[in-house]
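Presented below is the structure to which this report refers.
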Amino acid sequence: MLYEKSSRAKVTFNNANLTIAALALIITVEASYLLLPETFWGPIKLLDVINALAQFATAGAFYLGFHQFRKNTETERQSALVSECKSLISKMQDTISQIKLGDEARVSNLSNSIAKLSNIAIDFNAIFEELNEDIHKAIVRMHWQDMYFNNFSHTMKQIELRNILIECGVPPGTYIQALAKAKKDIEPNEPFYQYLIMSSIINTETVSYHFKPNGRIESNSPFNLYFFDNKQLNDLLYGCMNIIDIRIKSPALAAVFERLKKINPI
């Protein structure tokens, strides 16, 4: 499966193999007792051999039962973890759907949504790391990538810098002037064109002078880590060729977060 990591083949003994091995041992010993001369066995009787084998069989049955119990317990645990991962992904999708865009966009709504997504992502990653590498973990990856590329990325790219700046004190006229200057100075064929435009706007002297977030939006490190850091996302992105860059995924947030770090470098 595309989302499932290949694992190295390991030599394992399952219940069937152990049963076959036990039967083979019993048959071999009994055949040896019948075929080898009586002098070879000395005072040992066939009943003694059978009793000894029965003790080994009892011990083997106990081991198999204990092994199966542990296996069932781990299977139940993994199923619970997978179910919780899917539930958290659904919560992420619900939170993303509540982010307002366009004329309805509000900084408070965006800030609250970012905080919620960060908290959910922390819980999700803690559980995801406990999953065994198998088809179930691959399915969780598939669901997460569906959320990320079809919901999260689409919404993040539509966040507008204009709404954030104006709500944080920048006059509309000042924003328009900075936008015109940025479009004049930056070549349209630049790989990070949208980000460069927004970064130029927010770092324009007149815009940065009026920009007063006052804690309404913050440079949220957990959010950046769990949704835009390639090293952190390496396992979740397995099976796809995407390299995540916040400047592409959400140019407005990239520009805002960088500006906020300059204002509050700690």
Residue order, fewest to most surrounding Cβ atoms within 10 angstrom, among Met241, Met147, Met142, Met198: Met241, Met142, Met147, Met198
The range 102-263 - Rg and Dmax from Cα coordinates, angstrom: 17.4, 56
Cβ-based net charge around Glu130, under 15 Å, with every Lys or Arg adding one and every Asp or Glu removing one: -4
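Once the Cβ-Cβ distance between Tyr193 and Ile244 is put in as r, and R0 is 25 Å, what FRET efficiency do you end up with, to the nearest 0.05?
0.85
What dipole magnitude, in Debye to the nearest 20, does the range 102-263 give about its Cα centre under +1 on Lys/Arg Cβ and -1 on Asp/Glu Cβ?
That gives a dipole near 620 debye.
Every number in this text was worked out from the coordinates using simple rules, so none of it is lab data. This structure is a prediction, so every number in the text was calculated from the model and none was measured. Backbone-built Cβ (ideal geometry, glycine too); neighbour counts: all protein chains shown.
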